[in-house]
Amino acid sequence: MGKYKISIASLGAEFLLLSWPANISVELSEELLAFEKFITHNLSKFILATNPAYVSLCIRYNNKISFAELKKLLLDAYLNFDVNIVETKKYWEIPVCYHRKLGPDLLECAHRTSLTLETLIELHTKPFYRIYFIGFLPGFLYLGGLDKQLFIPRKETPRTKVPKGAVGIAGQQTGIYPQASPGGWQLIGQTKVELFHPNQIPPTPFQPGDYLKFKAITLEEFKTATHLPILKTKEADA
Amino acid sequence: MHKLEFIQPGLFTSLQDQGRIIGRNWGIPEGGAMDRLSARRANLILNNPPDLPVLEITGIGPTLFCHAEGQLALAGAPIPIFKNKKKLAEPRLINFQAGDLLKFGSIKDGFRTYISIKNGFQNKTLFGSVSPVAGLGPAMRFEKGDLLFFEPTAPLPVTNARLKTSLILRDNTIKTIPGPEFDLLSPEQQTILKNTNFIISSIATRMAYPLLPKIEILKHSLSLLTSPVVPGVVQLTPAGQLIVLMRDAQTTGGYPRVLVVTEAGINQLAQMRGGQEIIFT
């Protein structure tokens, strides 16, 4: 049985939205992902696809069922599902070069946070960030767990082009641009790891519920750095 | 494989189908024909399955050189067509021969025309749809010199049936349901959503139709954790501007979702352009 008070709203004829209370937590996210797996398996007759976010889950359903009927089935399922479904989590390492040439906002970020460059990089590479979900752009990972000392507002004027692989900070978030695009994040580094492979299914090795850590590399190492993320065991890193 | 060649690409011409079902969980937009109903109609004229790839013409049509013979069917907004500089009487079906030049003109009534061919235009799919995705390989629209491939088949008899312009809804009322955050608005804000003539911005794209004007009373400071959005969702920015998300919309967003336009309403909007007025009901 689910632990929270959830609500269900229609998003038109094909989609509906399940909402949990609006407080991001690992516990809530774990339950949400477990419930996603549970209904994908148990209500596959009606559910075509799902996509999660921090505290909500979007469901695409077919025309074999009405919104009202599916809402009832989902609420029943929430009362009956087994929260203890253990997801296999993966732990990833992404090599990032934190050099002024690749992180044009690095010095500004150090200045704004009153941290030395070394401390800033140390704080950014220390945690295992939780991958809450993928959204916004193909392969863009929503990560949680940024150190409070690194909360920096996004740039007042967005850049017209941020390069693919740029690593940035915006408010309480940190992330990687999976492709070149306009963007307002403070750029502190760059990775060669490919986040998205359009010709593969799945197109990304990362899944919601996985964890990810950045590893600082030098400009010299960046030149020959891997395009693949490195799979770690958490124990080995602890 | 037979082919057509773009001599001029038109304003914004792309290959579209009924969009993709999978991929939202990887951040991939749904895509597909802006006016899905007209795209299905174009296919039905040729007894094609409704979801085959069709050409989506926006505003101003392309000029195509025919490298082989074939037959096209049209649905959606009426468009002037010239075969070898001679104007055709807007038929639903066009037969063409190798060496013909087909020029599609400017759309006056509606905004998007759909062109089908027997067994569909051939193209690579991305996650189950031919609809291009920004940044992932093929360009978002055709350019001069691009080719369209199709299978040779026997043509249907050409009738003189004209495109029924009534298929384009002239109605500017757009049907909606309340969005997940509708209840967070004040009664005054809720009322104004339904009683204002909004104008579609000139920067309306396949991703989104921003609406004008920004409304003082709709300004807000509601903060929302990033959450899923789908085509049809109407977002409200803190500055009091409404944005209707269309077929190529991103998969998640952070603005309150105050209304959701119905599927019929999205098709209706797809046939409207910047500067036109709408009212939500």
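For every residue, the table says whether it meets (1) within 14 Å of chain A (Cβ to nearest Cβ); (2) among the polar types (S, T, N, Q); (3) surrounded by 21 or more Cβ atoms within 10 Å (Cβ to Cβ).
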site: B:I174; (1), (2), (3): yes, no, yes
site: B:I192; (1), (2), (3): no, no, no
site: B:K214; (1), (2), (3): no, no, no
site: B:L222; (1), (2), (3): yes, no, no
site: B:P228; (1), (2), (3): yes, no, yes
site: B:P238; (1), (2), (3): no, no, no
site: B:D248; (1), (2), (3): yes, no, yes
site: B:L259; (1), (2), (3): yes, no, yes
site: B:G275; (1), (2), (3): no, no, no
**Request:** Examine the range B:262-273 for a residue that is within 12 Å of chain A (Cβ to nearest Cβ) and of a type in the set (D, E, K, R), and state whether such a residue exists.
**Result:** yes
**Prompt:** Hey, any hits in the range A:24-43 for a residue that's in contact with a Ser or Thr (Cβ under 8 Å, 6 or more places away or on another chain) and outside any helix (DSSP H, G or I)?
**Reply:** no
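Would the range A:173-187 turn up any residue that is among the aliphatic types (A, V, I, L, M), touching a Pro at 6+ places or on another chain (Cβ under 6 Å), within 15 Å of A:P104 (Cα to Cα) and buried (at least 20 other Cβ atoms within 10 Å of the Cβ)?
Yes, that holds for at least one residue.
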**Item:** Options A:A9, A:A13, A:A49: the member that is in a loop (DSSP other than H, G, I, E, B) and within 11 Å of chain B (Cβ to nearest Cβ)
**Value:** A:A13
**Request:** Report yes if some residue within the range B:265-280 is β-branched (V, I, T), in a loop (DSSP other than H, G, I, E, B) and outside the structural domain of B:P78 (by TED's automatic domain parsing); otherwise report no.
**Result:** no
**Fill in**
Screening A:P182, A:P178, A:P138 for residues that are in contact with a helix residue (DSSP H, G or I) (Cβ under 8 Å, 6 or more places away or on another chain) and under 27 Å from A:N51 (Cα atoms) leaves only A:P138
**Message:** Suppose the filter is touching a residue at least 24 places away in the same chain (Cβ under 8 Å), of a type outside the set (K, R), surrounded by 15 or more Cβ atoms within 10 Å (Cβ to Cβ) and over 21 Å from A:P205 (Cβ atoms); does A:L150 pass it?
**Reply:** yes
**Identity of the residue in the range B:101-128, at positive phi and within 20 Å of the chain's Cα centre (by Cα), that ends up surrounded by the most Cβ atoms within 10 Å (Cβ to Cβ)** = B:G110
**Item:** Candidates B:A139, B:A98 - the one that is part of a loop (DSSP other than H, G, I, E, B), in contact with a His (Cβ under 7 Å, 6 or more places away or on another chain) and either among the small types (G, A, S) or surrounded by fewer than 21 Cβ atoms within 10 Å (Cβ to Cβ) (or both)
**Value:** B:A98
**Prompt:** Taking the range A:52-103 as the region of interest, how many residues are in a loop (DSSP other than H, G, I, E, B) and either in contact with a helix residue (DSSP H, G or I) (Cβ under 9 Å, 6 or more places away or on another chain) or within 28 Å of B:S223 (Cα to Cα) (or both)?
**Reply:** 18
**Request:** Would you mind stating whether A:L137 is away from chain B (no Cβ under 11 Å), out of contact with any Lys or Arg (no Cβ under 6 Å at 6 or more places or on another chain) and crowded, with 16+ Cβ neighbours inside 10 Å?
**Result:** no
**Lone unmet requirement of (1) on the phi < 0 side of the Ramachandran plot; (2) away from chain B (no Cβ under 14 Å); (3) in contact with a strand residue (DSSP E or B) (Cβ under 9 Å, 6 or more places away or on another chain) for A:K148** = (3)
**Message:** I need the full set of residues from the range B:63-75 which are crowded, with 24+ Cβ neighbours inside 10 Å and either within 15 Å of B:D100 (Cβ to Cβ) or not assigned by TED's automatic domain parsing to the domain that holds B:S116 (or both), in order please.
**Reply:** B:L64, B:L72
**Request:** Considering each residue of the range A:164-178, count those that are assigned to a loop (DSSP other than H, G, I, E, B) and either within 15 Å of A:T113 (Cβ to Cβ) or more than 19 Å from the chain's Cα centre (by Cα) (or both), and give that number.
**Result:** 1
**Whichever residue in the range A:110-134 is within 14 Å of A:I94 (Cα to Cα) and not hydroxyl-bearing (S, T, Y) and, among such residues, is surrounded by the most Cβ atoms within 10 Å (Cβ to Cβ)** = A:H124
**Asked** Does A:H197 qualify as being within 11 Å of chain B (Cβ to nearest Cβ) and either under 19 Å from the mean Cα position of the chain (by Cα) or within 21 Å of B:L126 (Cβ to Cβ) (or both)?
**Response** yes
**Prompt:** Quick one: would you say A:A68 is under 16 Å from the mean Cα position of the chain (by Cα) and either within 14 Å of another protein chain (Cβ to nearest Cβ) or under 30 Å from A:T226 (Cα atoms) (or both)?
**Reply:** no
**Which numbered condition A:E122 misses (of (1) more than 12 Å from chain B (Cβ to nearest Cβ); (2) assigned to a loop (DSSP other than H, G, I, E, B))** = (2)
**Asked** Assuming A:P229 fulfils every condition listed in (1) touching a residue at least 40 places away in the same chain (Cβ under 8 Å); (2) more than 17 Å from the chain's Cα centre (by Cα) apart from one, which condition is it?
**Response** (2)
**Asked** Which residue, of B:G253, B:G232, is within 12 Å of another protein chain (Cβ to nearest Cβ) and over 21 Å from B:Q268 (Cα atoms)?
**Response** B:G253
**Request:** Considering (1) farther than 22 Å from B:R24 by Cα; (2) within 16 Å of the chain's Cα centre (by Cα), say which one B:M246 fails and leave the rest.
**Result:** (1)
**Fill in**
Going through (1) over 20 Å from A:E122 (Cα atoms); (2) touching a Pro at 6+ places or on another chain (Cβ under 9 Å); (3) within 14 Å of chain B (Cβ to nearest Cβ) one by one, A:P202 fails only at (2)
**Candidates A:R100, A:R60, filtered to the one that is surrounded by 13 or more Cβ atoms within 10 Å (Cβ to Cβ), over 18 Å from the mean Cα position of the chain (by Cα), outside the structural domain of A:Y177 (by TED's automatic domain parsing) and among the basic types (K, R)** = A:R60
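The values are calculated or read from the model by the stated rules, or taken from the named source; none is laboratory data. In this text the structure is predicted, and so the values were computed from the model without any measurement. Cβ coordinates were reconstructed from backbone atoms using ideal geometry, including for glycine residues, and neighbour counts include every protein chain displayed.
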